[in-house]
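A quick write-up on the structure given underneath.
Just so it is clear, none of the values below were taken in a lab; they were calculated from the coordinates. Because the structure is a prediction, the values reported are computed rather than measured. Using ideal geometry, Cβ is built from the backbone for each residue, glycine included, and neighbour counts are taken over all protein chains shown.
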Amino acid sequence: MIRFKPLIGITPWYDYDKRLTYIKDGYIEGIAKAGGLPVLLPLTVDEELLEEIMARFDGFLLSGGADIDAVYYGEHNRPYNGEISPYRDRMEIYIAKRAVELNKPLFGICRGIQVMNVALGGTLYQDIFSQIKDRELLKHSQNAPKWYPTHSISIESGSIVSTAFEGDTANVNSFHHQAVKDVAPCLKATSWSADGIIESIEYKDHIFAVGVQWHPELMWQKDPVHLRLFEAFVAAAGESRGHFFK
Ligand code: MN
């Protein structure tokens, strides 16, 4: 019997001028190293295609990228909301909602945590540095090598993230100007930076639905502890399908 690896769909980046679909290798290689079969999904808003993708893939990785159109969380776009990717918004919000309905594993990175929260009814800070004035924030847009951790996080005990890091703190990189504001009702925050910014969210009752604000796909090559969330995600995808894999 062939032991198929869990099939993981990775949402793509898209260049609207060049009509180019692409992704950084840290996502692909991270999934492969964690025991999954990574596949870059086509950028599509065709619901028939999306439904077949939902049925045939075992897990979904929402990759990093541009900002989300604020209309999806009931706000006007402010000047400090950045570049928007309309097709990615529609496609990824669809995938996030359906993955939860179907109880299929979902892993959101950076933009991905924001998509998960918005898709399930939460809101975002369009720009933390413009909108949070009651305290001094940390440097969340680091000027350092991308793999280098520049701030710590405090992690909720018993969460998937704390299990992955085997403790209640970790050090992470940071490349974001937005963040989760109001957490969606079905989600819970599971880690925070020292300035109170939410750095991870998890679904309360889902097989595996985790969003992280940092970029583990840029860190695991230097520090294998950052591969553990990839491994937990791929393992959950394998369990959800019920196939064995190495
Ligand atoms: Mn950060």
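With +1 on the Cβ of every Lys and Arg and -1 on the Cβ of every Asp and Glu, and nothing else charged, how large is the dipole of the chain about its Cα centre, in debye rounded to the nearest 20?
480
Return the loop-located GluC sites (Glu not before Pro) in the stretch 31-92 (DSSP other than H, G, I, E, B) with at most 14 other Cβ atoms within 10 Å of their own Cβ; answer none if there are none.
Hits after loop and neighbour filter: GLU75, GLU83.
If we count other beta carbons within 10 Å of each Cβ, what is the order of CYS186, CYS110, fewest first?
With the fewest neighbours first, CYS186, CYS110 line up as CYS186, CYS110.
Among ALA164, ALA209, ALA119, which one moves the most in a GNM of the chain with springs linking Cα atoms closer than 10 Å?
Result: ALA164 has the largest fluctuation of those listed.
Out of THR163, THR11, THR123, any idea which swings most in a Gaussian network model of the chain, alpha carbons joined below 10 Å?
Of THR163, THR11, THR123, the most mobile in the Gaussian network model is THR163.
Across the stretch 110-208, how large is the tail of the calculated P(r) beyond 24 Å, expressed as a percent of all Cα pairs?
In whole percent, the share of Cα-Cα pairs in the stretch 110-208 beyond 24 Å is 19.
Rounded to the nearest 500 deg cm²/dmol, what is the calculated helix-only ellipticity per residue at 222 nm for the chain, with -39500 (n - 2.57) per DSSP H run of length n ≥ 4?
Only helices count here, giving -8000 deg cm²/dmol.
Taking N as the number of residues in the stretch 2-245, what is its Cα Rg relative to 2.2 N^0.38 Å?
Dividing the Cα Rg of the stretch 2-245 by 2.2 N^0.38 Å gives 0.94.
With θ set to phi - 60° and the Karplus curve 6.51 cos²θ - 1.76 cosθ + 1.60, what are the ³J(HN,Hα) couplings of the stretch 11-26 in order, to the nearest whole Hz, using x for Gly and Pro?
6, x, 7, 9, 9, 5, 6, 7, 6, 10, 9, 7, 7, 7, 5, x
Taking a cut-off of 17 Å between Cα atoms, list the lysines near LYS33, but don't count ones fewer than 8 places away on the same chain.
Cross-link targets: LYS5, LYS24, LYS222, LYS246.
I'm a student and want to see the number: the projected area of the Cα convex hull of the stretch 1-142, averaged over all directions, in nm².
Mean projected area of the Cα convex hull: 10.6 nm².
With springs connecting C-alpha atoms under 10 Å apart, model the chain as a Gaussian network and identify which of LYS133, LYS33, LYS97 has the largest mean-square fluctuation.
For the chain, modelled as a Gaussian network with Cα springs under 10 Å, the answer is LYS133.
Give me Rg over Rh for the stretch 3-62, both radii from the alpha carbons and Rh done the Kirkwood way, two decimal places.
With Rg and the Kirkwood Rh in hand, the quotient comes to 0.99.
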